[in-house]
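So the structure is just underneath, and the comments pick up after that.
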Amino acid sequence: MQKFFLLFLIVLLFGCSKKEENKIIIKEADLELQMIDSYKRGVEALEKGDGLTAAKKFVEAELLFPQSEWAPKSALMAAYSYYFIDNYEDAINEIELYLKKYPKDERISYANFLLAMCYYQSIVDEKKDLKPLLKARDKFIYVVKNYPNTDFALDAKFKLDLIKEILASKEMYLGNYYIQKKKWIPAINRYKNVINEYDTTIYVEEALHRLVELHYKIGLENEAKKYAQLLGYNYLSSDWYKNTYKIFNSDYKLAKPKTRKKESSYLIKKYNSIFKRK
């Protein structure tokens, strides 16, 4: 009698577990369909230019089925959707969550590049606030170092060159400001920063010229000649060298600093190929 009871109990438990398993399978299939529908609606909204709706749909897709292969893709698409509408703060938040939750996802290089771009595009006035610029620089360096053989590394290198130009322009701006205030030593230090830290930028010629000018002004003629020789050796045919040559003549006139146009915004155009379902 006891054996029959045990057999009945086993059959009963087996039947219950089977039913529960079937329920779970059906539920997961239903969730996956809902998730795919949300993802598709997100793509449609993004294609129409409605980044906010797209972001909400992608977040919804991730939450519906967080253990599926669609989840990291949805999370990153939500971040891109915010980026698309210039909502860089929410884009950064979404990317940082993605990096924590999906550190081994195959799109990790794109995520880090997109994060760098968010900081880069957040730059409003580099003369007043350097934080977004410096964060962008650090993130681009990270991309180049960790994903050297990707297209993102090539773009990151290009952006790093542009960031150097901006940082050099900041030093030039401050140097010229100190000249106007007749604070010669702080001005000299700013121009030295340009030739020491940003020697590949377009501002080196002017910085060398200003160093000649300022050292001559404060009576350090030998130092002035040293920088004049350096300028002449590297940029003999430049207008700045011609201005430098005039410094040692009585008819010398101060050259006005040239203004530079800010680089136009850059939009990522690779998400279609990255997020296309195979």
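Would you kindly state how much longer the chain becomes between Glu44 and Lys131 on full extension, computed as 0.36 nm times their sequence separation minus their alpha carbon distance, in nm to one decimal? Result for the pair: 27.8 nm of gain on full extension. When you filter the GluC sites (Glu not before Pro) in region 51-120 for DSSP loop state and at most 13 other Cβ atoms inside 10 Å of their Cβ, you are left with Glu69, Glu106.
The alpha-carbon of Lys192 sits under 18 angstrom from the alpha-carbons of these aspartates and glutamates, leaving out residues fewer than 8 places away in its chain: Glu165, Glu171, Glu205, Glu206, Glu213, Glu221, Glu223. Computing FRET efficiency as 1/(1 + (r/R0)^6) for Asn146 and Gln180, where r is the C-beta to C-beta distance and R0 is 30 Å, gives about 0.10. This model, with +1 at the C-beta of Lys and Arg and -1 at the C-beta of Asp and Glu, gives region 99-147 a dipole about its Cα centre of some 160 debye.
In whole angstrom, region 146-205 maps to an equivalent ellipsoid with semi-axes of 31, 9, 8, each derived as √(5λ) from the alpha carbon gyration tensor and ordered largest first. Legend: distances between Cα atoms for Lys57/Lys100; Lys182/Lys242; Lys226/Lys246; Lys139/Lys159; pairs beyond 19 Å are Lys57/Lys100; Lys182/Lys242. Gain on full extension, evaluated as 0.36 nm per residue between Lys101 and Asn234 minus their Cα-Cα distance, stands at 42.8 nm.
A short reminder: the numbers here are calculations on the coordinates, not readings from a lab. Everything quoted here is computed from the prediction, not taken from an experiment. Because the Cβ atoms are built from the backbone with ideal geometry, glycine has one as well, and the counts that use them run over all protein chains shown.
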